[in-house]
Amino acid sequence: QKDEALEAYSEAGARFGRQGKHEEAIRALMKGFDIRSTDLRILGGLVKAQTALGRAGKAASLLEEILENEPHNRDVLYLLIDCCLDSQNAAAAEKAVIKLVEIEPANYPKFLDLIRIYLNVSDPESAARILTMSSEYLLAGGQSDECAKWINEILERDSMQLTSLRLLVRYNSWLNDEAGFRLSLERLYVAASNQGSIDDERYALAQLIVIRPTETR
């Protein structure tokens, strides 16, 4: 009667968890895990209990082992992402989110949680990289304001961040905002010139010449 046993172990784990007895919850849930390692009630309970004990990384390792055999299991991927986000493990979360979006593009909002983590650990470069992956989804999904919010937040942390400045140029071009497009190109040009990024500098100047062909500077 495996289904009944799983139900009982899952309920036992939930009750122990509500009482704050997380070690007891894990022991009960692992008995259910031994019966069916992919049962979502059991896995969800294990993630909660391990996270409550400050061991979210251990739960993540368990989920990663399952995904080695079932790489397209979306439900386990969801759990892994939430587990990594809770433990602020940005690198592992990024890997899992990319895999999930490849399977199901509608899950791109998970990228935004990842951007927040990278900003929380003062890594605007990684935040900009993730925003680049998700910007097309945001713009196509009618969330241009959300895209602009993240671009500006990253640039508030690092006003010379080239990836974010490229996104700002693309965003203003998408809006057909000529004034915004020109100002973002000038910002990109200045940052690229200071950092020796010749391709970005050349691109910005070439676009500025098209917009303002009479400006000799």
Given the criterion in contact (Cβ under 8 Å) with a residue 12 or more places away in the chain, farther than 23 Å from Ser164 by Cβ and either in a helix (DSSP H, G or I) or open to solvent by 60 Å² or more (accessible area, probe 1.4 Å) (or both), identify the matching residue among Ile115, Ile98, Ile66.
Ile66
I'm trying to understand the selection: among the residues of segment 12-54, which are charged (D, E, K, R) and either touching a Ser or Thr at 6+ places or on another chain (Cβ under 9 Å) or more than 19 Å from Leu79 (Cα to Cα) (or both)?
Arg15, Arg18, Lys21, Glu23, Glu24, Arg27, Lys31, Asp39, Arg41
Listing of helices (runs of 4 or more DSSP H) fully contained in segment 129-217 that carry 1 or more residues being in contact (Cβ under 8 Å) with a residue 24 or more places away in the chain and of a type in the set (Asp, Glu)
144-157, 178-195, 198-211
Residue within segment 65-83 that is farther than 15 Å from Asp113 by Cα, among the basic types (Lys, Arg) and within 20 Å of the chain's Cα centre (by Cα) present:
yes
Just wondering, is there one or more residues in segment 79-86 that are more than 20 Å from Gly141 (Cβ to Cβ), crowded, with 19+ Cβ neighbours inside 10 Å and among the β-branched types (Val, Ile, Thr)?
no
For segment 155-167, enumerate the residues that are open to solvent by 20 Å² or more (accessible area, probe 1.4 Å), hydrophobic (A, V, I, L, M, F, W, C) and in contact with a Ser or Thr (Cβ under 9 Å, 6 or more places away or on another chain).
Leu162
So, in segment 188-211, how many residues would count as being in contact with a helix residue (DSSP H, G or I) (Cβ under 9 Å, 6 or more places away or on another chain) and more than 12 Å from Val169 (Cα to Cα)?
12
Which of (1) under 30 Å from Asp123 (Cα atoms); (2) of a type in the set (A, V, I, L, M, F, W, C); (3) surrounded by fewer than 15 Cβ atoms within 10 Å (Cβ to Cβ) does Ala8 not meet, given it meets every other one?
(1)
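The values are calculated or read from the model by the stated rules, or taken from the named source; none is laboratory data. None of these values were measured; they are calculated from a predicted model. In this analysis, Cβ positions are derived from the backbone assuming ideal geometry, glycine residues included, and neighbour counts consider all displayed protein chains. Quick note on the areas: whole protein, heavy atoms, side chains included, nothing else; ligands and nucleic acids left out. Shrake-Rupley method; radii C 1.70, N 1.55, O 1.52, S 1.80 Å.
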